[in-house]
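Some notes on the structure that comes next.
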Amino acid sequence: MRLEPKPHPSTIALILYPLGAVAATRAIASLLVMAAGASPLSVFGLVLKGAAGSQFALLETLTRATPLIFTGLAVAVAFRARLWNIGAEAQLYVGGIVTVVLGTGLLPLPAPILIPVIVLATILAGGLVLLGPAILKTRFGVDEVVTTLLLNFVVLLFVSMLLEGVLKDPMGLGWPQSQMVTADARLPRIVEGRRLHYGFVIALVAAFAIWFVMKKTALGYEMRVVGANTEAARFAGIPVNAVLMKTALISGGLAALGGFSEVAGLKGNLTLDLSSGFGYTGIVVAMLAMLNPLGVVAAAIFVAGIFVGADAMSRAAGVPSYIAEVMVATALLTMVTAIMLSRYKVRWR
């Protein structure tokens, strides 16, 4: 079997294949639900109700989607330039570290000044984390998949060391957690009494900004060309290495904003369980969105809705909530297959 690129993929194929991927995902999930002894229609109805059946459910879904938008954007930007960033988890935790260091009293500034300062410092720190693997890739040919993946574990161990050392809250009764950030470093809630915070608004602004950069600027054009064909980009005079460095800074900074959002907007401090795999799930979100920055928002809300709805469904129907992870993983596999089939012809030998 070999794959041949389609010279002009049809618009119909680009629409029907992803729809087929959604249908395949639902069919596979239905089989699993029936194997668990429940009705698929009932279970899917409970998932939808749990994700968007009330104001509380909808706001919880948007809250869960917020870090996924940041990590999804980080992955989409990097993958578009063919920089395989698997380390969004590490960059997210670095964002959390910077937020705690600057937001627990180190900078006695009012909120209108302190929050932008923390945001800028977070973006810079996250970008520098990914800059290392990017330099190793461009200068020495080191596979960034390996370096970024391993950095996830290195950074998590570093966070553990900090929470047992210099960042440990002396009033935390021995728990590995940092001090709470000050009120001036906290993001306000969008709806009083609910968990949704203005990190979601920042995520929407970031998505639009990245879309604008990718579609309307010279840098975005260079990133797309480098991602499409590195050698052709170099032949055309595009500074490939410089583009990859800029891509790394943007991608790492976006993922780090997810850590800032979770600390400053939701939890208030840094813990080892700050992320429940947001960095890895961001890869799924980016692929479901076909690397479109605006599509990342919809994909993140979709994935978050599955997880939030599955929790409610599990309590009501007695079906394990782990089916949500199976659905997300299946959606990724079927969507990748759909993208391939819409752009390539399969030739059998």
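Assorted remarks:
- Every pair of residues 6+ apart whose Cβ atoms lie under 7 Å, when the first sits in region 61-80 and is surrounded by fewer than 24 Cβ atoms within 10 Å (Cβ to Cβ) while the second is among the basic types (Lys, Arg): Thr63/Arg195; Arg80/Arg224
- Residue pairs whose Cβ atoms lie under 6 Å apart, separated by 6 or more positions or on different chains, with the first residue in region 224-237 and in a helix (DSSP H, G or I) and the second open to solvent by 70 Å² or more (accessible area, probe 1.4 Å), are Gly227/Arg80; Gly227/Arg82.
- Selection count where residues are crowded, with 19+ Cβ neighbours inside 10 Å and touching a Phe, Trp or Tyr at 6+ places or on another chain (Cβ under 7 Å), scope region 149-167: 2
- Region 168-195 - residue that is over 25 Å from Arg64 (Cβ atoms) and touching a residue at least 12 places away in the same chain (Cβ under 8 Å) and, of those, most open to solvent (accessible area, probe 1.4 Å): Gln179
- Index of the failed condition, Phe208 passing every other in (1) open to solvent by 40 Å² or more (accessible area, probe 1.4 Å); (2) farther than 30 Å from Thr230 by Cβ; (3) at pLDDT 95 or above: (2)
- Evaluation of Pro108 against the conditions (1) crowded, with 16+ Cβ neighbours inside 10 Å; (2) within 21 Å of Val166 (Cα to Cα) shows that the sole unmet condition is (1).
- Per-region count, region 246-285, residues open to solvent by 10 Å² or more (accessible area, probe 1.4 Å) and at positive phi: 1
- When we screen Met290, Met340, Met335, Met327 for residues that are in contact with a Leu (Cβ under 6 Å, 6 or more places away or on another chain), modelled with pLDDT under 95, over 30 Å from Val117 (Cβ atoms) and not β-branched (Val, Ile, Thr), the only hit is Met335.
- Any hit, region 36-43, residues being part of a helix (DSSP H, G or I), open to solvent by less than 60 Å² (accessible area, probe 1.4 Å) and either under 26 Å from Ser342 (Cβ atoms) or at pLDDT 85 or above (or both): yes
- Ala203 meets each of the listed conditions (1) in a helix (DSSP H, G or I); (2) within 30 Å of Ala57 (Cβ to Cβ); (3) open to solvent by 10 Å² or more (accessible area, probe 1.4 Å); (4) not β-branched (Val, Ile, Thr) apart from (3).
- Note on region 306-319: residues that are within 19 Å of Thr330 (Cβ to Cβ) and either of a type in the set (D, E, K, R) or at pLDDT 95 or above (or both) total 1.
- Within the option set Pro5, Pro18, being open to solvent by 60 Å² or more (accessible area, probe 1.4 Å) and in contact (Cβ under 8 Å) with a residue 40 or more places away in the chain holds for one residue only, Pro5.
The values are calculated or read from the model by the stated rules, or taken from the named source; none is laboratory data. What you see is a predicted model; the values in this text were computed from it and never measured. Cβ sites come from the backbone with ideal geometry, for glycine too, and all protein chains shown count toward neighbours. Note: areas computed on protein heavy atoms with side chains; ligands, DNA, RNA excluded. Shrake-Rupley method; radii C 1.70, N 1.55, O 1.52, S 1.80 Å.
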